[in-house]
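Right, one structure below, let's go through it.
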Amino acid sequence: DSNAFNYNCITDSLPQGGIGCGDDILIDDGSCIYSPEGFVFNQSTLQAFYFVQDASIDGSGLDYRQDWIGLFNGDVCVGAYPWNGGSNTSVPAMGDDGEFYSDGYLQDGNVPSFMIYDYSEDSYYNATSSQMFGWEENEIFVVDSVTSDSDCNGDPGGLAFVDDCGVCSGGNSGHEANSDIDDCGICFGGNADQDCAGECFGDAVV
């Protein structure tokens, strides 16, 4: 299938940079690999590679050639690769070469963000990289790990966090950060205010 990610590729290998790596596969034996919808990108003449050594979702390793790792510059996908195990997972990172197809792609010094696609859940999760490498043309970067952990609201890759009052805020929690704290730092019931000299007055007792 010419639409497959591993079309035009040597048997038991995978394409580099999304363009294939050898002779056409003539017989489809069920081994075609397809890019997740959110991980589609254009080939650029400028590129680098991020070799990912380990990756996980909530501590569980990724599924071989089913789950994917994607790279983004803001909300623009600049590269993606199926999980191929250890150092074999070389995620391409496309740069802006001035052509229309690379608009919004990486430029020198831009630090891409990572995302993991979970095939079994058909879901995309924000991920954290153990190292933050700024993009450079033709460079090869080795990343120890890319992980997507659940936030305090239980959402894998979610952005909710525990605020200063110990409440899960942001993300899908529906709670505004520090909404339970008064002007004098009292949580859950304090209604103290500060005057123009920074002195507290009013009820400062929980």
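The values are calculated or read from the model by the stated rules, or taken from the named source; none is laboratory data. Bear in mind that the values here come from a model prediction, so they are computed numbers and not experimental data. Because the Cβ atoms are built from the backbone with ideal geometry, glycine has one as well, and the counts that use them run over all protein chains shown. What goes into the accessible areas is simple: the full protein's heavy atoms, side chains included, and nothing from ligands, DNA or RNA. Shrake-Rupley method; radii C 1.70, N 1.55, O 1.52, S 1.80 Å.
Observations on the structure shown:
- Cα-based equivalent ellipsoid of region 111-154: semi-axis lengths in Å, sorted from largest, via gyration tensor: 24, 12, 9
- q = 0.19, 0.21, 0.29 Å⁻¹, region 55-102: log10 I(q)/I(0) [Debye, one scatterer per Cα]: -0.67, -0.76, -1.07
- Looking at region 49-196, the pairs of alpha carbons with a distance over 17 Å make up 66% of the total.
- Mean-position separation - Cα centroids, region 39-58 and region 75-118, in angstrom: 5 Å
- Karplus-derived 3J(HN,Hα), 6.51/-1.76/1.60, for each residue of region 165-181, Hz, glycine and proline x: 9, x, 9, 6, 10, x, x, 9, 6, x, 10, 7, 4, 6, 6, 9, 10
- Among 70-80, 177-187, the peptide with the highest mean count of other Cβ atoms within 10 Å heads the list, and the full ranking is 70-80, 177-187.
- Overall dimensions of region 143-190 as given by Cα atoms, namely Rg and Dmax in Å: 13.5, 46
- Long-range amide H partners of residue 67 with built H, under 5 Å: 83, 119
- Distant-in-sequence amide H partners of residue 78 (H built 1.01 Å from N, under 5 Å): 71, 72, 73
- Region 44-104 - percent of accessible surface contributed by carbon and sulfur, probe 1.4 Å: 44 percent
- Cα-only Debye scattering, region 29-75: base-10 log of I(q)/I(0) at q = 0.22, 0.25, 0.29 Å⁻¹: -1.11, -1.24, -1.30
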